[in-house]
1. Of B:L234, B:L187, B:L250, B:L282, which residue is over 20 Å from B:T296 (Cα atoms) and away from chain A (no Cβ under 14 Å)?
2. Starting from the range A:221-238, keep only residues that are within 14 Å of A:K202 (Cα to Cα), then list their pairs with residues that are of a type in the set (K, R) and modelled with pLDDT under 90 whose Cβ atoms are within a distance under 6 Å, requiring at least 6 positions of separation or different chains.
3. Pairs, please: C-beta under 7 Å, at least 6 apart or cross-chain, first residue under 17 Å from B:S95 (Cα atoms) and of a type in the set (G, A, S) and in the range B:169-183, second outside any strand (DSSP E or B) and at pLDDT 90 or above?
4. How many of the residues making up the range B:186-206 are within 30 Å of B:L176 (Cβ to Cβ) and hydrophobic (A, V, I, L, M, F, W, C)?
5. Give, as residue ranges, the strands (runs of 3 or more DSSP E) completely inside the range A:86-160 that count at least 1 residues that are facing chain B (nearest Cβ under 8 Å), surrounded by fewer than 18 Cβ atoms within 10 Å (Cβ to Cβ) and at pLDDT 85 or above.
6. Got at least one residue in the range B:103-120 being assigned to a loop (DSSP other than H, G, I, E, B), away from chain A (no Cβ under 14 Å), closer than 30 Å to B:L218 by Cα and modelled with pLDDT of 85 or more?
7. From B:E184, B:E204, B:E193, B:E224, which residue is of a type in the set (D, E, K, R) and at pLDDT 90 or above?
8. When you scan the range B:180-276 for strands (runs of 3 or more DSSP E) that lie fully inside it, which ones turn up with 3 or more residues that are farther than 30 Å from B:I101 by Cα?
Amino acid sequence: MDVLALAASILLARPPMEAILSAAALKPFAKILQTLNKVGEDLYIQARVNKLVLSTVNASRSAFVLVTLQPAFFDSYSAKRNADDQGPIRCHVLLKPLLNIFRAKASTTTIESCRLSLPTAITSTATDQDRLIITLHCKHGITKTHKLHYAPTDPLTALYTKNACRNKWTISSKLSHDWVNCFWHRLEEITLGCGRDYMRLKSFSEDAQAEDPTSRSLQTELQVDTNDFDLFSVQHDVHLTISLKDFKTVLSFADAMNQPVSAYFDHAGSPIIFTITQPPDVFTADFVLASLRPPDEEDDDLGTSGGASMRTSQQAIPSQQYPTQQQQSHPTQEPDADDDDEVLPSSPQPQRRGIHAPSTGDVTHVSATPFRDEEEVIGPTPPRRAYE
Amino acid sequence: MAQDAFLSGRSTANASSHFKGKLDNVRSLVTILKAISFKEKANCVINRQGIQFIVEESKASQARTQIRESHFREFLFPRSRLGSPNGDDSGDIDSEICFCIELPTLLDCLTIFGGTSAIPYSLSTGGNDGGQRGHGGFFGASQIQDTQTGGLGKDRDRVAVRVICPLDGDHLSLMLEERGVVTECRLTTYNPEALTDLFSTFAEQRMVSKLIMKSDWLRDAFSELDGTSDTITLHISPDAPYFRLSASSLAGDAQMDYPKDTDVIESFHCLHPIENHYQHTLLQSCLKALSLSSKTSIRVNEAGFLSMQFMINVNEKDIEFVEYLISPIADWENE
């Protein structure tokens, strides 16, 4: 037994995943982690043979970020399939402690190289099992080793196809980075209004829908000249309402990376995808943000009018928590049931359609079961207020 | 300065029974007090050597700092004890004023004019480690500082302080003067707290290892350690890995190795390998002092007690030390 294990350890001496980052790549890497941390709490890692995929999703599952790091991003990158040939290595770690390692002000200036590795049971000692090992080689021969616990998990992916979107635009981050600065800092949502020849950013609040004009809060609108765009191709009028915080995250990431930001979208209620890419083939970051479904369309979809506002339904929420709503909304749940199979599992915000797969076109990723159980996912999300 | 005459005029009223000290710049006092202000109350001891402050945390760690007599512009400790005005010299060698004082209140009084910037002097002069940190905020800060202290502006923003205290330590009077504006503060004192004499206990045991390292590297190490870890382990040995800091937390383990003979570790002495465990919370209380300092001397004795001495450049020429003494977790194996 021991001999066998030894033989195996020699064969598999190389860890299943090993990536070495140079000092120059550390800053963008830290920025990527910071950006992911603004959206979610967990970092899902997929070590594929030809790329490292990092992703996260927010608690309400309305925003999903997927960063693909190509081998060119690293000094060296190698990954092999799982020992039992179950496909690429997949695991998740908490973002906060990971970020803490790279956050220290001096770390980006004193680190000479950084090695990330995921050992397996065979290649490592008992204490190193299920750890993401980060070795920082600093100046003056100082070595810092961090071993973070990880949990094996199924990959978390959203279903979206950028190419199937009818509308897209691309703009330099130099022009887009201050778009949101003029909006009230506590504003939660923003409406992107696009048409053939215009683009407007407008503050969105539920109060504005109310009949009583005195309850309306401050409205802000920003008009962007379509000539500013590198590419602007919008087929019809679209008004997408998305979270301002997530939108800010996208714009500040593009600004930090100094790369243009591209948007792909279809219609209100379907997700908008922002992409920031560093050519040639260094990394790609996709931000998939759910957009708010307009109230009128909601009615159409459901074929009911009165029940629509109560469609918060919380299908997946244990009935003891929201018994009343569960009952009331029951008849209107059915139309959404099919939808839910495609969206990220158990999207808790039925007002948003969630991250949704188009019926046609090639799907880049398949959906999978989330690592956490349903109750945990749903629990902390408050039921969303419906339009009355 | 006319105001000075005013100050001294007031304080000479009953010179014999009061301690009087004058600092040209209150900043040095503020800096060292900030370095130990992790607790509300501090014991203050005034004797012929200077003014000393001691703070204790759960009888397991202590911080001590002092401004030496030589750093004062004026330092007048009454030659005789209270009640024996013309007593013999031998009697008052050990005489000292001892009381307990609230640190936040004292700091509030001393910074009443503001202006005592939070930027420690060592950082504001910039480049104390070969420019490795010479970026961003620190550069900006150093430029501002240079213009403030340069030329004639040097004395302008300086706040002088006169400390007056009766021999029984009944109260503490502070007179602060900035550009002719004088503020007088009178602070109530408390009876001194009974402290364990950790410092002399520490000195009784043989020193096993001693090293001096750059403070900013140590600070980075502490900031990288996860806040959820309960204990921090210090491993010092004459051979590799020489100096190792490690901690485990909910998220995982961290370990940092520092080889000797580098720019980071200036001197390294170790008799035999030692490994001791310390409470993270106790170590955290020294973070303020650590971030103000430029160099740190780390000593560990046979019993595992850890002494960290922080060298703080309080102004252009003066250096003050803040010393922390932390007891190890005894009986680690049984934890």
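1. B:L187
2. From the range A:221-238, the pairs are A:E221/A:K202.
3. Going by the 7 Å Cβ cut-off, the qualifying pairs are B:G169/B:T189.
4. Of the residues in the range B:186-206, 2 are within 30 Å of B:L176 (Cβ to Cβ) and hydrophobic (A, V, I, L, M, F, W, C).
5. A:143-149
6. yes
7. The match here is B:E184.
8. Of the strands (runs of 3 or more DSSP E) lying wholly inside the range B:180-276, those with at least 3 residues that are farther than 30 Å from B:I101 by Cα span B:207-214, B:231-236, B:243-248, B:252-258, B:265-270.
The values are calculated or read from the model by the stated rules, or taken from the named source; none is laboratory data. A quick note: this is a predicted structure, and the numbers were derived from the prediction, not measured. Quick reminder, even Gly has a Cβ in these numbers, built from the backbone with ideal geometry, and neighbours come from all protein chains shown.
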